[in-house]
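First the structure, in the form of C-alpha cells, and then the observations on it.
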Amino acid sequence: MPEKDHTGNLALGRRIRLAREDAGFPTQPELVARLNMLAPDGLGPYTRSWLANIEAGLRGIRVHDLVVVARVLRVSSGDLLDGADGAPGALARAVRPFEGKITPRQQRLLAQLLREWAESNEGVADDKAATGAG
C-alpha cells in the first residue's frame, strides 16, 4: 500500500530528485557542490545527507533553500512545489512549443489539462512494475 504523504514532503522530494537528474546532476554530491558554490551568504552549507533526506521525503525544505535549489536546477520554485508528480519543468517544456501560437490563457488551460492528466495517472507506472505488466 502506498505511503501517505500528508506533508507533501514525499512528492516535493520526488520532484527535486527528478529535477536534479533532468538538470544533469546524476548524483546528490554533484548538486550539493553546486549549491554550496552558488548559495548566497548566510545559506548553506548544504550536505549530501540534507539533500538525501529531502529527496526521500523525510524532511521539509526551507523556502529560501528551495529558491536556491530551483535556481541551480533551472526550474521555478513553483514547478517544484506544485508540479505534476513527474519531472519538474516537464510541464513547462510540454507547453513551450505553443508559446506565441496560443494565448496565455490557452497556455494556462493546456498546463492545467496536462497537470490533471498526470495526477490522474499517478501510480500507474508503479502498479505496472509491481504486477509485471507493461
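Throughout, read-outs are computed from the coordinates displayed, never taken from laboratory work. Every value quoted in this text rests on a predicted model; they were computed, and no experiment measured them. Using ideal geometry, Cβ is built from the backbone for each residue, glycine included, and neighbour counts are taken over all protein chains shown.
Peptides 27-36, 57-66, 10-19 ordered by packing proxy, namely the average of other Cβ atoms within 10 Å per residue, highest first: 10-19, 27-36, 57-66. Local charge for V69 was computed over the other residues whose Cβ lies under 14 Å away, with Lys and Arg +1 and Asp and Glu -1, and equals +4.
Given their separation in residues at 0.36 nm each and the Cα-Cα distance between them, Q106 and S77 gain 8.2 nm when the chain is fully extended.
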